[in-house]
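Inspection log for the structure reproduced underneath, given as structure tokens.
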Amino acid sequence: MAYENELAIAQKAVIAAAKLCQTVRQSMVMEAMEKSDKSPVTVADYGSQAIICKALSESFPNDPVVGEEDAAELRSPEMSDRLAQVTQFVAGVIGQVTPDQVTQWIDHGNGAPANRFWTLDPIDGTKGFLRGDQYAIALALIENGDLKVGLLGCPALDLGYGSTGLLFTAVRGAGAYMQPIDGSGEATRIQVVQAGDAARLRFVESMEASHGNREQQDAVAKAVGITQASVRMDSQAKYGAVAAGNAALYLRLPSPKYPDYREKIWDHAAGAIVVEEAGGQVTDMYGKPLDFYTAAKMNDNRGVVVSNGTIHDAVMAALKSI
Ligand code: AMP
Ligand code: MG
């Protein structure tokens, strides 16, 4: 299979990063809730990015990584305690490391889009991570203007298949797969929901109302015949739900509160290839393909529509009419 080595290296790294995130959440979340600061997020974000960038920089030194975080703040003297925490959590997963190594790995994620590059969201769904809900570790490889490999680690996701914590993987042309993230079971090929499966004709949207337009999303879902209330979920776990056939549609329409917001590539790249390889379709709200290769921000796309494919045209028609 093409990209076999890329997939293997990335998979190991995402699983290691997921372990770090779970450890941070177990050991720090209560403290953070009391202080109501965001320390577990930053510690887990930085740690996850360090682990994944280390693996990518060692195996694919010429590939830039466009990651969400950088270590500029973490290097400042006031942050030395935080850096020590991050270093300790990283060491807990991959063995002895120094603070300098950690900041260097994090800054490996400061790359720019190129003919071949990776994009990484070390923790997507920050708010879900803090709330004890869904979050994802999202990594994708883009080459020659197309998504080639995508991985979505969802440590807290349970889609009703008997295990909590799922890893989604996809390689262009080779299908999409789902497996328990703790390695306790085999990878199985996944497929989007088929036309006519009314029971699973659900739609998913963000938990955060300000990341979408719930009123319009509701209207569009109704217009295409979805009668059940939405399932609200943080992070790209929503792409996992569509890819596995647990929902037929994920709508993310621009929030009226933030009309100038542009979606970031790391918030969608991994999820998009997983859904496409499961047989679904991903476009912006005007039916345009998402541009994952020009810049970190998708400046020429507005909104995101993710579907099982069969209802995509109807969704576009509904969007035009509202
Ligand atoms: P979700 O968990 O699906 O709500 O998405 C989380 C992501 O939403 C974060 O990683 C942010 O990058 C992104 N985000 C932040 N503000 C907005 C906004 N106004 N509209 C859409 N997405 C946003
Ligand atoms: Mg994100």
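The values are calculated or read from the model by the stated rules, or taken from the named source; none is laboratory data. Computed from a prediction, not measured in an experiment: that's the story for all the values here. Here the Cβ is made from the backbone with ideal geometry for all residues, glycine too, and neighbour counts use every protein chain on show. Remember, those area values only see protein heavy atoms, side chains included, never the ligands or the DNA or RNA. Shrake-Rupley method; radii C 1.70, N 1.55, O 1.52, S 1.80 Å.
One table, with the values for the structure above:
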quantity	calculated
Selection from region 35-56 of residues that are β-branched (V, I, T) and over 15 Å from V14 (Cβ atoms)	V41, T42, V43
Helices (runs of 4 or more DSSP H) within region 37-142 that include 1 or more residues within 16 Å of ligand 1 (Cβ to nearest atom) and of a type in the set (F, W, Y)	39-59, 126-131
Selection count, region 57-104, where residues are touching a helix residue (DSSP H, G or I) at 6+ places or on another chain (Cβ under 6 Å), small (G, A, S) and closer than 16 Å to A13 by Cα	2
R302 being open to solvent by 10 Å² or more (accessible area, probe 1.4 Å), within 15 Å of ligand 2 (Cβ to nearest atom) and part of a loop (DSSP other than H, G, I, E, B)	no
Residues within region 234-269 that are more than 13 Å from the chain's Cα centre (by Cα), near ligand 1 (Cβ under 10 Å from one of its atoms) and either under 21 Å from A170 (Cα atoms) or small (G, A, S) (or both), tallied	2
